[in-house]
1. Rounded, prolate or oblate: which fits the range 51-104 when a ≥ b ≥ c are the square roots of the eigenvalues of the alpha-carbon gyration tensor, with rounded for a/c under 1.5 and prolate only if a/b beats b/c?
2. Report the normalised scattering of the range 27-170 as log10 I(q)/I(0) at q = 0.16 Å⁻¹, calculated by the Debye formula with identical scatterers on the alpha carbons.
3. In the range 124-141, which residues have a backbone nitrogen under 18 Å from the label point lying 7 Å from Ser194's Cα in the Cα-to-Cβ direction?
4. If the reach is capped at under 20 angstrom between alpha carbons, list the aspartates and glutamates near Lys88, excluding any in the same chain fewer than eight residues apart.
5. List, in the order given, every pair from Lys151/Lys175; Lys137/Lys285; Lys137/Lys287; Lys238/Lys287; Lys175/Lys287 whose Cα-Cα distance in the structure shown is over 23 Å.
6. Ser144's amide H: which non-local residues (gap 5+, or another chain) put their own amide H closer than 5 Å, with H modeled 1.01 Å from N in plane and none for Pro or chain starts?
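Read-outs: derived from the displayed coordinates by stated rules, not from any lab. The structure displayed is predicted, hence computed values, not measured ones. Note that we place each Cβ from the backbone using ideal geometry, even for glycine, and neighbour counts take in every protein chain shown.
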Amino acid sequence: MNAKNRLRWTLMFIILLASVPSASLAAGPAAVLPDNPVGGSMVFVEKRCILCHSIQGYGGTRGPDLGRLQLSGGFLAMAGIMWNHAPKMISALAQENMSFPQFSTLEMSQLVAFLYTLNYLDPPGDAREGEEAFAAKRCVSCHSVGGAGGKVGPALDQYGRFASPVFVATALWNKGIPMSEAMERERILRPTLSGRDVRNIVEFIQARSRIFPAPEVLLPVFVRPGNPREGASLFVSKQCVNCHAADEMKPGIGPALAARKLKVSLSTIAGRMWNHSPEMWAVWKKKGMSPISFTVDEMADVTAFLYFLQFQSPQGDPARGAAVFAEQGCAGCHSAEGSRKPMAPDLRAKGPWASDIDLAREMWNHAGNMYGTLLGSAREWPKLTERHVADLLAYVRSIGGTHRAKK
């Protein structure tokens, strides 16, 4: 398939994913949990971001490939990255006679959730490395693939048609106890699995399986994208919350998951769940609890929830925000407390700043006007970190909503 056709199919796939309804991110703790993280792919296409930026090699080449960026930090970190990038983007768009895109609150929430989801999705594994891991981890002692391997456990050819590591994660979790018991009987040391191990073994199974990819036998099976909000509900209903707190400030029997830096790919989360499971089984046995199992869709939702725990940004400080407001030159144009007539919008009239998204949207939409104001002047574009943005948000929240500009 040539590059043009591959791009066409990629765009069709993106639009198909985005057709699933997606709600906006509300204020408060739920603000970090989108209903449909891939919904922003439609925004990525409609706002023509794809003309300059590619996703894993599909799209424009003027800007960086966003599918290969390793993002860290929370939502406000992305707001800072987009702000810092705005001058180059505005200049590049002007050269192409293209307008600077504007976003609504919903569009901004969907786009940023989508960009973060790109780190959650796994790159393709390596079948050769997967075969080596399959042997080194002693999987081959119990399981066969393509007719070669042990007979203690079932043949894994059936997993060759499953086009997502979430199927393997579900099987590892649900079958973990009997698998560990069988390994103990066979005197096989229980292996630990990295995310790389998981995706490489999945690739190996798909490449070696006798029933994949022959469409006349069985068609590939896909899983829908995980819903983090549904995962949050499952985290409670499956009693995970009895041992693990989602908030690192709350105590629990197990570690607070928000403190474990789970902003990693699906296969890495699957590996960590497998590695950690014996400790959980011991707790279940001590408490007289029955083993917890998941369907494939439930596993997709729970792992999406675990991933998006790190989507939340740190709390800002209004006093530090006031200092950033002055040091970064915001006070040179914006009035924050009515001290003088502003050159730019009075931030008191922009309240009440209900969510992080409000600030991110305002910053981005304002960037075009600010670029024009600073163009030709000696002033530099202010560079903002996640901490800067969090503190600025706390500051403008402290002064916003107390005043409305007169019409």
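1. Since a/c reaches 1.5 but b/c is at least a/b, the shape of the range 51-104 is classed as oblate.
2. Scattering profile of the range 27-170, log10 relative to I(0): -0.91.
3. 124-139
4. Candidates past the 8-residue exclusion: Asp65, Glu96, Glu362, Glu380, Glu386.
5. Long pairs (Cα-Cα over 23 Å): Lys137/Lys285; Lys137/Lys287.
6. Gly150, Ala155, Leu156
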